[in-house]
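Rule-based calculations on the coordinates, nothing more; no lab input. Everything numeric in this text was worked out from a predicted model, so none of it was measured. Cβ coordinates were reconstructed from backbone atoms using ideal geometry, including for glycine residues, and neighbour counts include every protein chain displayed.
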Amino acid sequence: MSSYAFDELNLNKILSIGSNPAVYTTLVQMGWSQEGILKQNRYIDGQYRDVVITAMFRDQYVAHNVRQQ
């Protein structure tokens, strides 16, 4: 997905907005960075949950892929 966004669509930034801790952990391991938290933003299963906004910039993507090679 990231290669398509940066290489084909020529985007500078991709955002992810979600409340799943496992997804957040995976994104951070892939080089994404946290941009913010929307406190108690979603009501799920009878509880208000925080929503985490993460982002990947083109330069982060390039740097992360160079380290992976």
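Can you work out which of the residues in segment 23-39 that are assigned to a helix (DSSP H, G or I) and without any contact (Cβ under 8 Å) to a residue 24 or more places away in the chain is nearest to residue 61 (Cα to Cα)?
29
Take the residues in segment 16-36 that are of a type in the set (A, V, I, L, M, F, W, C) and surrounded by 11 or more Cβ atoms within 10 Å (Cβ to Cβ), then tell me which one is farthest from residue 66 (Cα to Cα).
The extreme case among them is 17.
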